[in-house]
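This report concerns only the one structure given below.
Computed from the coordinates by the stated procedures, all read-outs in this text should not be read as laboratory data. Please read all numbers here as calculations on a predicted model, not as lab measurements. Quick reminder, even Gly has a Cβ in these numbers, built from the backbone with ideal geometry, and neighbours come from all protein chains shown.
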């Protein structure tokens with residue numbers, strides 16, 4: 001998959017992240033070094049999905065990079081799986097800013113509707129393309145494309161690597 005910018009392979013879906021529902025508003029929190037809420041850990045099931053649980057509150061807080069100093073709605077997830085290695089490795093921080101636009105080639109956190117009464121499932125992958133019927137993503141390890149029905153995609157947020165926001 002030539003234009004990714006590294007020599008990693010994409011492959012079978014593996015668990016790689018966890019998230020929680022709506023981001024907590026940071027308007028009432030003082031801006032500081034450790035004020036970005038972590039709403040999930042990158043560990044999923046055998047199908048490669050993880051959960052984002054915004055309703056229960058943050059698991060912890062991580063450092064707010066200077067480039068996100070004035071961004072009010074930002075949250076983070078921590079990577080534990082290896083499906084996006086070598087770009088995202090275990091213990092990397094994924095910063096998510098829901099208001100940032102997504103374009104092909106971006107890394108994204110995608111929430112997928114599972115069904116009535118079920119928590120949405122999430123994936124951390126590279127966005128390839130979308131049309132009226134589907135969303136196509138890539139993972140690196142092992143190299144593989146993932147196609148999702150577009151009507152099941154609840155949210156797709158730009159995933160910012162800690163190296164690009166420091």
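Some observations on this one:
- Stretched out straight at 0.36 nm per residue, the stretch from residue 162 to residue 66 would grow longer than its current Cα-Cα span by 33.5 nm.
- Inter-probe distance in nm under a simple model that places probes 7 Å from Cα toward Cβ, at residue 133 and residue 100: 3.2 nm
- A simple packing score, the average count of other Cβ atoms within 10 Å per residue, orders the peptides 85-93, 112-120, 142-150 as 85-93, 142-150, 112-120, with the highest score first.
- Normalising the Debye intensity of segment 77-166 to I(0), with uniform scatterers on Cα atoms only, and taking log10 at q = 0.19 Å⁻¹ returns -0.89.
- Note on residue 114/residue 73: beta-carbon distance plugged into 1/(1 + (r/R0)^6) with R0 of 22 Å gives a FRET efficiency of 0.35.
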